[in-house]
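Asker: Below is one structure. I have some questions about it.
The values are calculated or read from the model by the stated rules, or taken from the named source; none is laboratory data. Keep in mind that what you see is a predicted model, and the values were worked out from it rather than measured. No Cβ is skipped: glycine too gets one built from the backbone with ideal geometry, and neighbour counts run over all protein chains shown. Side chains included, ligands, DNA and RNA excluded: accessible areas come from the protein's heavy atoms. Shrake-Rupley method; radii C 1.70, N 1.55, O 1.52, S 1.80 Å.
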Amino acid sequence: MLKLPEGALDILGKGLVLDIAISPDGGTLAVGGFRALIFYELSTMLPITVWETPVRRLTYSNDGQLLATSNGNGCVKVWDVQHGKCVSKKNLSMARMFGARRKVIHQLAFSPNKQYLAASNGRDYTIEVWNPETGEPVITLYDDINTEHGSCSVVRPIAFSPDSHMLACASPEGFLVETERKKDFISLWNLESRELITCLKGFPNFLYSLCFSDCGKFLAAGAQNGVVQVWNVARECLHREYSANGNSAMHVSYSEEGILRATETSRYNSYINVWDMESGETLYTYLEDKKFGINAFHFTHGSRLGIATPSEFHVWNAENSNLQKVAHLHIDPPTALAFSPNANILVGGYWDESIMFWDTARFIDGTPVTKKHTESKNGSETLIELSEQQPIVFKPKGPVNSLTVTNTGKVCATSIEETACHVWEVQPAIGKSQDFIHLQTDSELVLTTSFTPPTAPDETVLSPNANLLICSDDEGLLYVWDTQRKELLCTLVADTDHIRSLIISPDSKKLLSISSEGPNACLWTIPDGERINEFQGDDTGVAAFSPDSRTIACVLRGEIMLWDIATREFLLKLPIRQGSWDSLAFSPCGRYLASGAYVLPDGSIVGEMPVNLWNISTRETVTTFFGHTRSIDSLEFSSDGTVLASGSIDGTIVLWDMKPYL
């Protein structure tokens with residue numbers, strides 16, 4: 001499926017889902033993410049083809065011949081769907097008040113005649129309209145608003161009239177404040193004369209969606225708090241108002257029969273209701289058992305609803321109330337990685353409250369990756385056949401913060417559920433006599449201990465031997481919990497309100513706490529809790545211990561610094577040439593250091609993120625791998641150092657071959 005990067009052994013997962021779209025003919029589901037755009041046949045939910053392009057937003061033209069995608073950096077591509085070719089590419093000049101790194105597109109929309117393509121910015125109220133095939137600009141709409149918080153994310157829905165002569169868009173009324181959403185009004189623009197036709201006012205709150213009826217006489221607007229209004233466009237007056245219950249966002253859509261329907265979504269993306277607005281009947285309800293359980297959804301022609309969760313696709317059809325459900329590998333980003341002692345299994349902890357076990361034995365025993373030779377229109381090429389394996393999944397309560405695999409093969413993980421810190425163990429543990437299949441049939445996830453600090457916990461970490469749990473709260477206190485005796489050993493005061501990260505040395509005797517304020521990093525002995533050193537580091541919380549627990553590597557102002565723990569002296573600095581770093585890991589031999597990027601040199605957070613392998617003694621880069629499109633948050637070497645695993649916000653884990661560099 002996904003193209004294998006140079007130097008990689010495998011890719012685990014297909015990438016986090018950011019947006020989906022059902023083709024106008026109802027035959028295809030397009031799934032966009034940071035890694036690629038993947039098309040699935042809707043009837044079978046089997047993958048058809050893959051386009052290796054990062055996608056944050058996507059939309060089809062009305063006839064399904066064109067597809068527009070945005071990548072998260074303000075770049076919009078228009079594709080010929082049948083031939084899989086990029087017709088045009090345009091870098092939008094958006095986010096004028098926030099700078100180049102804030103070009104986040106909220107919505108893309110084709111006009112029915114395909115002469116116009118419009119994009120609304122998700123960081124301010126800018127809209128650009130241009131010819132999708134030539135890239136020639138048509139009109140750019142700004143609103144002179146007072147933005148009090150540059151980090152806010154706004155929703156500005158757009159819609160074309162059926163005759164393609166008019167563009168409707170939401171405009172802000174008054175101030176745009178991050179903590180308080182004000183009400184909107186609708187601006188109607190004539191695309192031929194480039195002039196404002198009128199403004200429709202009277203909305204009680206914030207708008208989420210717009211849709212013209214097929215006859216063009218009516219414009220439906222979905223708002224906050226379950227409100228839907230229908231306006232008579234010619235008369236410029238309110239025709240009808242509907243209301244659903246609750247504090248929800250309404251996304252409107254007319255069916256081919258002219259029936260107005262809407263999806264009602266919760267603030268925390270935990271449920272979706274499909275409403276027939278005229279009758280007030282609920283046609284379909286999808287309910288998740290946790291907040292933010294829905295990654296993306298698409299409601300089209302008032303009849304088809306596609307939903308992507310972290311583990312499944314759901315497709316509902318209004319014509320026959322048919323529901324399709326299928327598991328997928330577009331999994332959430334990993335938060336932690338750990339290899340089993342023999343490196344046959346890679347364990348990952350994930351945002352979506354899951355622990356996954358991946359089979360990596362074939363890369364340790366030297367089994368080659370299968371290659372397939374194919375002929376294409378562009379000539380001969382060699383494709384990599386990836387494993388497409390389904391991981392073994394366990395579901396703890398709460399997002400997984402840290403995990404460890406002990407020398408005896410015991411797999412343990414920590415999670416935070418509201419006010420409690422949990423420690424979980426997969427039993428029976430992985431031992432030399434147990435293989436991947438045995439784990440699948442006989443293992444279960446067991447809650448071994450829980451600790452509830454006086455105030456809500458922020459971060460947790462488990463010692464390598466799984467005997468100690470360290471958690472921090474929002475008052476700068478650190479709690480050392482004995483997981484075996486189930487008792488609190490000591491409480492540490494970090495002199496700061498917020499701890500960004502907690503790291504325990506391989507010998508389980510030292511704790512590094514990194515805060516948002518100075519001193520940025522404190523070094524403690526555990527379990528007694530003596531503070532033995534303080535030194536500066538970035539508030540990013542990026543650091544790592546050497547395998548012998550004698551050296552600390554940390555990131556300071558974008559540079560990697562190494563410190564001797566015993567002498568408390570600065571050892572060396574590694575030169576930085578490629579952006580800023582979000583993860584560090586020493587090789588088992590201690591001679592190499594791996595670093596994963598989160599920002600490129602030009603300030604971009606989307607692109608080819610490097611994984612650097614450094615020779616510590618020479619301070620030189622041994623090699624650089626490129627296989628992720630977003631921040632690399634976790635790195636882990638296998639016990640023999642032959643494999644390096646990198647986990648990214650793009651929702652994939654890449655296994656890198658270290659044997660050529662040992």
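Asker: So Arg500 ticks every box in (1) assigned to a strand (DSSP E or B); (2) modelled with pLDDT of 85 or more; (3) within 32 Å of the chain's Cα centre (by Cα) but one. Which box is left unticked?
Answerer: Answer for Arg500: the failing condition is (2).
Asker: Can you pull out every residue in the range 640-662 that is open to solvent by less than 10 Å² (accessible area, probe 1.4 Å) and within 15 Å of the chain's Cα centre (by Cα)?
Answerer: Here is the first cut: in the range 640-662, the ones open to solvent by less than 10 Å² (accessible area, probe 1.4 Å) are 641, 643-648, 650-656, 658.
Gly647, Ser648, Asp650, Gly651, Thr652, Ile653, listed by residue number.
Asker: Can we say Phe637 is surrounded by 23 or more Cβ atoms within 10 Å (Cβ to Cβ) and over 17 Å from the mean Cα position of the chain (by Cα)? I'd like the intermediate steps shown before the answer.
Answerer: Numbers: surrounded by 23 or more Cβ atoms within 10 Å (Cβ to Cβ): yes; over 17 Å from the mean Cα position of the chain (by Cα): yes.
Against the criterion (surrounded by 23 or more Cβ atoms within 10 Å (Cβ to Cβ) and over 17 Å from the mean Cα position of the chain (by Cα)), Phe637 qualifies.
Asker: Also, quick follow-up: Would you point out the residue of the range 20-47, among those that are in a loop (DSSP other than H, G, I, E, B) and free of Cβ contacts under 8 Å to residues at least 24 places away in the same chain, that is least open to solvent (accessible area, probe 1.4 Å)? Write out each step before concluding.
Answerer: Just the residues of the range 20-47 that are in a loop (DSSP other than H, G, I, E, B), to begin with: 23-27, 34-36, 42-45.
If we keep only those that are free of Cβ contacts under 8 Å to residues at least 24 places away in the same chain too, we end up with 27, 43-44.
Values: Gly27: 31, Ser43: 89, Thr44: 68 Å².
Among residues in the range 20-47 that are in a loop (DSSP other than H, G, I, E, B) and free of Cβ contacts under 8 Å to residues at least 24 places away in the same chain, the one least open to solvent (accessible area, probe 1.4 Å) is Gly27.
Asker: Of the numbered conditions (1) closer than 16 Å to Phe206 by Cβ; (2) of a type in the set (Gly, Ala, Ser); (3) more than 24 Å from the chain's Cα centre (by Cα), Ser248 satisfies every one except a single condition; which is it?
Answerer: Every listed condition holds for Ser248 apart from (3).
Asker: Now a separate question. Given the criteria under 25 Å from Lys201 (Cα atoms) and at pLDDT below 90, does Asn269 qualify? Steps first, please.
Answerer: Numbers: under 25 Å from Lys201 (Cα atoms): no; at pLDDT below 90: yes.
No.
Asker: How many residues does the range 422-440 contain that are among the hydrophobic types (A, V, I, L, M, F, W, C) and modelled with pLDDT of 95 or more? Walk me through it before giving the result.
Answerer: Here is the first cut: in the range 422-440, the ones among the hydrophobic types (A, V, I, L, M, F, W, C) are 423-424, 426, 429-430, 436-437, 439.
When the remaining residues are screened for being modelled with pLDDT of 95 or more, the result is 423-424.
Adding up the residues that qualify gives 2.
Results for (1) more than 30 Å from Arg362 (Cα to Cα); (2) without any contact (Cβ under 8 Å) to a residue 60 or more places away in the chain; (3) among the charged types (D, E, K, R); (4) in contact with a strand residue (DSSP E or B) (Cβ under 8 Å, 6 or more places away or on another chain), shown as yes or no for each residue.
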{"site": "Gly293", "(1), (2), (3), (4)": "yes, yes, no, no"}
{"site": "Ala296", "(1), (2), (3), (4)": "yes, no, no, yes"}
{"site": "Trp316", "(1), (2), (3), (4)": "yes, yes, no, yes"}
{"site": "Gln324", "(1), (2), (3), (4)": "yes, no, no, yes"}
{"site": "His328", "(1), (2), (3), (4)": "no, no, no, yes"}
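Asker: Just one of (1) outside any loop (DSSP other than H, G, I, E, B); (2) in contact with a Leu (Cβ under 8 Å, 6 or more places away or on another chain); (3) at pLDDT below 90 trips up Asp582, so point out which.
Answerer: Among (1) outside any loop (DSSP other than H, G, I, E, B); (2) in contact with a Leu (Cβ under 8 Å, 6 or more places away or on another chain); (3) at pLDDT below 90, Asp582 violates only (2).
Asker: For the condition in a loop (DSSP other than H, G, I, E, B), touching a Leu at 6+ places or on another chain (Cβ under 7 Å) and at pLDDT 90 or above, what is the one hit in Val78, Val55, Val50? Before you say what the answer is, go through the steps one by one.
Answerer: Numbers: Val78 fails: in a loop (DSSP other than H, G, I, E, B); Val50 fails: in a loop (DSSP other than H, G, I, E, B).
When all the criteria are applied, what remains is Val55.
Asker: Check the range 59-66 and report whether any residue there is β-branched (Val, Ile, Thr) and over 29 Å from Tyr142 (Cα atoms).
Answerer: No, that holds for no residue.
Asker: May I ask you to say which residue of Glu288, Glu281 is free of Cβ contacts under 8 Å to residues at least 12 places away in the same chain and in contact with a strand residue (DSSP E or B) (Cβ under 8 Å, 6 or more places away or on another chain)?
Answerer: Details: Glu288 fails: free of Cβ contacts under 8 Å to residues at least 12 places away in the same chain.
That would be Glu281, the only listed residue that is free of Cβ contacts under 8 Å to residues at least 12 places away in the same chain and in contact with a strand residue (DSSP E or B) (Cβ under 8 Å, 6 or more places away or on another chain).
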